[in-house]
């Protein structure tokens, strides 16, 4: 057996920031060298950030990525780090003449490079291209057809990219045939609730299948709607967990492994052999094993909240909002706080994401706002220490109504109610224009699903932090955050009255959400089934849901598609959000 110390850099790149991402790689290499690593791996497309979407179709961007990788190899030598093999993901293009996979030479690829002694020693490309959920990789890339096997300190290391691990065959089968001692997987795997244990079980299963240890490095941080939690890990050939990084934190995970020495198995596929459609490409970086050394104690970061993942979801929401704000250059955020639970949770997430000094609240009471709404909003700001101001909208609403009445277009009923929300929307966007804040839309997933919001009113904003949270989850998250504060000896940030009182838009006297919607517990159950599984009316009724409730929910959801198409982006935390995951026509007469 041979010893090998590997380092997995769980980092937070930014799409398009080639210079900033280059610095991230160099810093990680420096840390890895200081900790005695023999091999460093970084996430999928770390050089460009991920996902690049249709930037992959811009020839100038592909060329810049390829140049950045070669420059990065040279920079590592300049920094005295050239003898450390570094594996990075980047955007490349397929080389060679002729058409393959229906696209000509030069088509973009989701690629991986091994950097060593100032050179790009080896490149390869992702073979399995996901084309489901948030992924459109068949639109942007052509697949690779090689399995790279790099010999590092006498150990053969096979390299795969993200989806290559999730799909049967291909790189997994080829790795087993190559008799590699380690399978290294570079990933840009977005966060979803309940996904971390699924990921661990996948790594365990794949390690047993290929008969080799498996090192899985994932990125961390937010990119538009997506958030990456890291969760980098290492398992041995039997699938036992060896090391694991924390979630939602940039870190360098270092692990000492004992692995089979390369070249000892005569059954190993040779350089140039084709296995399951992939050509084995072998390259030697360093053939000799290291002298025996005292291994480090490998770290397995425990997972918090063993009985509940609500805290994990909360950290994902904080990460998503923080990076959307910072990466897009906003110095502050603006939240319209109403005293209700949605705006209270959105403001709390904002304070945890960017700090109270960068959060600005605004109270916009109308003629129908209750006293407790105002006092609850003021108490929220006081507890968390962010600035809040009050702008009464009643005079503005009166002016609108007077003007429309004069024009013989008197507003009544729902139109008059929605006018209040639209005045608020106009005000918060005006403040954003004047002061440069990022406006946070405070709507939840239940409202977005059913269309229970006012277009150009309470739906306005540049980012919607709780957009993928059912109303019932909003309450769970709020209670968890208060309990977390109490556990830490702090004042709970959200007033109890905001959590406990019946939700209301307060656009007319004594209004409650339940006047228009079913009880949220029942509503969310049906919504989750309808949206999450695409079951139709008959299937939902057969599953035991009340027929009248099912028909009402389907009608509400289908009629609101045009509103959702115009909504702000928001952090994805579920397996199926109301944006990138679910794409339906607005003009649609299929109702069952």
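Numbers for the structure displayed
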| read-out | value |
| --- | --- |
| Failed condition for residue 304, given (1) out of contact with any helix residue (DSSP H, G or I) (no Cβ under 7 Å at 6 or more places or on another chain); (2) surrounded by fewer than 20 Cβ atoms within 10 Å (Cβ to Cβ) | (1) |
| Some residue of the range 12-32 being surrounded by fewer than 23 Cβ atoms within 10 Å (Cβ to Cβ), in contact (Cβ under 8 Å) with a residue 60 or more places away in the chain and in contact with a helix residue (DSSP H, G or I) (Cβ under 6 Å, 6 or more places away or on another chain) | yes |
| Counted residues, the range 35-70 - those being in contact (Cβ under 8 Å) with a residue 60 or more places away in the chain and part of a helix (DSSP H, G or I) | 4 |
| Test: residue in the range 544-553 that is at negative phi, modelled with pLDDT of 90 or more, exposed (fewer than 14 other Cβ atoms within 10 Å of the Cβ) and not assigned by TED's automatic domain parsing to the domain that holds residue 349 | yes |
| Pairs, first on the phi > 0 side of the Ramachandran plot in the range 209-220, second in a loop (DSSP other than H, G, I, E, B) and surrounded by fewer than 24 Cβ atoms within 10 Å (Cβ to Cβ), C-beta under 8 Å, six or more apart | 211/179; 211/237 |
| Search result, residues across the range 364-380 that are surrounded by 20 or more Cβ atoms within 10 Å (Cβ to Cβ), in contact with a helix residue (DSSP H, G or I) (Cβ under 8 Å, 6 or more places away or on another chain) and outside any loop (DSSP other than H, G, I, E, B) | 376, 377, 380 |
| Filter result for residue 472 (closer than 18 Å to residue 339 by Cα, exposed (fewer than 14 other Cβ atoms within 10 Å of the Cβ), touching a helix residue (DSSP H, G or I) at 6+ places or on another chain (Cβ under 8 Å) and in the same structural domain as residue 385 (by TED's automatic domain parsing)) | no |
| Scope the range 323-344; condition part of a loop (DSSP other than H, G, I, E, B), surrounded by 22 or more Cβ atoms within 10 Å (Cβ to Cβ) and touching a strand residue (DSSP E or B) at 6+ places or on another chain (Cβ under 7 Å); matching residues | 337 |
| Residue identified as crowded, with 22+ Cβ neighbours inside 10 Å and under 18 Å from residue 376 (Cβ atoms) among 347, 316 | 347 |
| Qualifying residue in the range 578-587 (condition: in a helix (DSSP H, G or I), in contact with a helix residue (DSSP H, G or I) (Cβ under 7 Å, 6 or more places away or on another chain), under 21 Å from residue 193 (Cβ atoms) and not assigned by TED's automatic domain parsing to the domain that holds residue 418) | no |
| Criterion (assigned by TED's automatic domain parsing to the domain that holds residue 246 and in contact (Cβ under 8 Å) with a residue 12 or more places away in the chain) met by exactly one of 336, 331, 269 | 269 |
| Index of the failed condition, residue 216 passing every other in (1) closer than 26 Å to residue 152 by Cα; (2) assigned to a strand (DSSP E or B); (3) out of contact with any helix residue (DSSP H, G or I) (no Cβ under 7 Å at 6 or more places or on another chain) | (3) |
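Table: residues versus (1) farther than 25 Å from residue 211 by Cα; (2) touching a strand residue (DSSP E or B) at 6+ places or on another chain (Cβ under 6 Å); (3) surrounded by fewer than 17 Cβ atoms within 10 Å (Cβ to Cβ); (4) modelled with pLDDT of 95 or more.
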residue	(1), (2), (3), (4)
224	yes, no, no, yes
234	no, yes, no, yes
238	no, no, yes, yes
242	no, yes, no, yes
251	yes, yes, no, yes
257	no, yes, no, yes
262	no, yes, no, no
268	no, no, no, no
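The values are calculated or read from the model by the stated rules, or taken from the named source; none is laboratory data. Just so we're clear, the structure is a prediction, and the values are computed from it rather than from any experiment. All Cβ positions, glycine included, derive from the backbone under ideal geometry; neighbour counts span all protein chains shown.
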